Amino acid sequence: MIKNTKTINMKKLLSIIALMGLILIIGCNKSDDNLSDEEKIVGTWKSYLSVDAIGNEYPMPSPEDEKINVLEFKTNGTAIFNERGDINIFRYTLDDDIVEMKWQDGSVFTNWRVLKLNSTELWVEKVNDGRQWRYKRQN
């Protein structure tokens, strides 16, 4: 009788440990599937590749150069673009797959079509132009 009680208790303990492990694995699965595009785009992005309208690829300068094409989207609708040390501040909106960036006075700076957006990469294409820029998340 004691052996059966120990066996039952051990089985319960192992079942509890297995269940806790499963909950831990599921709970720690970092996925951006549940985030909206507005949430995914927020953060700092650094360009690593530009593509011209006919498909020629141009790797961006050395990744060690912190002043080369860094783009930060903030939760308040502000975007800060550091292009080779020249810093510009914009207002942005994301509607479906179009990012519209406006100067502080409200005039349109550019419109981008989002080609890819996930937790690590952002690919955009200038609307009516075909040029593309590819960014990697920095934070």
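Database remark: amide H of L49 closer than 5 angstrom to the amide H of M60, R134 (H placed geometrically; neighbours at sequence offset of 5 or more, or on other chains; Pro and chain starts carry no H). Working note: Karplus 6.51/-1.76/1.60 with θ = phi - 60° gives segment 81-93 the couplings 10, 9, 10, 6, x, 8, 9, 10, 10, 10, 9, 9, 9 Hz, where Gly and Pro are set to x.
Only the coordinates and a few stated rules stand behind these numbers; no lab work does. Note that the structure is a prediction, hence the values are computed from the model and not measured.
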